[in-house]
Amino acid sequence: MKAILGPLARSLGDVTFPPVCIVCADLVEASDYRHVCAKCAGKFDFVEAPACTVCGHPFYGELAGERLCPHCEGLAPAFREGRTCVLFKGPARALVHELKYRRGLYVLTDIEAAMRRSLRALELVRGAVLVPVPLHARKARERGYNQTLLIAQCFVRAVDGAAQIEQLLTRCVDTKSQTAFDRRSRRANLKNAFALSRAAAINPALHYVLVDDVFTTGSTLNSCAGVLRRAGCLNLDVVTFGHG
Ligand SMILES: [Zn+2]
Ligand SMILES: [Zn+2]
């Protein structure tokens, strides 16, 4: 009886909630993703080497030897290396927007599926202590979750548990929405925005990796990196799901 009911329940589920592509709204069939159709999934832009060692943005063409890209101009990173899974456009942007602004926790499995194909980013994550960029407590209450923590959990699953998460940081200033600021005022706005959590203990022998959903100017990640560095994190990298 169970054997009959299982598939029946599943097909009923698909009738009630037909899997629809979050990018183009077509039905999702024969795709590696549950909420991105095969056609849109083809538009994931996975980052391969060579890439900027600070932010992970790929270099195109003949740029051997050059390490920095225009995205990190003037950043003076407090971390060693940054890597990213995909460029923040098309399906990657749709997934993060769904998670961040529409409470779409159901897209986490697709984010994890995309991460699993991002071997360069996973290389950095494996064996590391992941530190998610924190949300201010007010915002976390408002949203009900910290999407960066959820993304860090996706990274842990994508390396089959070979990484751990420690929430070492808190956001002590309720910074105004970053998108309203230009690059320079973003940095001023972020000064002293982060602090070490009260119970945080740093082990200088461990490899720490800061996690954020998207690398934009890098100023948020760099503020967090500065706090960790001053607290004794010597071996510190950065990983993001998207770059854009
Ligand atoms: Zn689609
Ligand atoms: Zn860069």
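The values are calculated or read from the model by the stated rules, or taken from the named source; none is laboratory data. Small disclaimer: the values here were computed from a predicted structure and weren't measured. Counting neighbours? That spans all protein chains shown, and the Cβs are built from the backbone with ideal geometry, glycine included. Just the protein is used for accessible areas: all its heavy atoms, side chains included, with ligands, DNA and RNA removed. Shrake-Rupley method; radii C 1.70, N 1.55, O 1.52, S 1.80 Å.
Restricting attention to region 207-224, the residues that are assigned to a helix (DSSP H, G or I) and farther than 13 Å from Cys55 by Cα add up to 2.
Quick check on my filter: what residues within region 193-222 are under 29 Å from Pro91 (Cβ atoms) and either surrounded by fewer than 16 Cβ atoms within 10 Å (Cβ to Cβ) or of a type outside the set (D, E, K, R) (or both)? Scanning region 193-222 gives Val209, Leu210, Val211, Val214, Phe215, Thr216, Thr217, Gly218, Ser219, Thr220, Leu221, Asn222. Looking across region 2-61, the residues that are open to solvent by 90 Å² or more (accessible area, probe 1.4 Å), under 30 Å from Glu81 (Cα atoms) and at pLDDT below 95 come down to Glu48, Tyr60. Of the residues making up region 21-55, those that are within 16 Å of ligand 2 (Cβ to nearest atom) and either under 19 Å from the mean Cα position of the chain (by Cα) or part of a helix (DSSP H, G or I) (or both) are Asp45, Val47, Glu48, Ala49, Ala51, Cys52, Thr53, Val54, Cys55.
Looking only at region 156-165, filter to residues that are in a loop (DSSP other than H, G, I, E, B) and open to solvent by less than 30 Å² (accessible area, probe 1.4 Å); which one of those is nearest to Ala92 (Cα to Cα)?
Val159
Which residues, counting only those in region 234-244, are modelled with pLDDT of 95 or more and either closer than 22 Å to Leu95 by Cα or crowded, with 17+ Cβ neighbours inside 10 Å (or both)?
Across region 234-244, the qualifying residues are Leu236, Asp237, Val238, Val239, Thr240, Phe241, Gly242, His243.
Only one of the listed residues (Arg93, Arg83) is within 16 Å of ligand 1 (Cβ to nearest atom), under 19 Å from Thr148 (Cβ atoms) and in contact with a strand residue (DSSP E or B) (Cβ under 9 Å, 6 or more places away or on another chain). That residue is Arg93.
Residues in region 130-155 that are β-branched (Val, Ile, Thr) and either within 19 Å of Arg93 (Cα to Cα) or in a loop (DSSP other than H, G, I, E, B) (or both): Val133, Thr148, Ile151.
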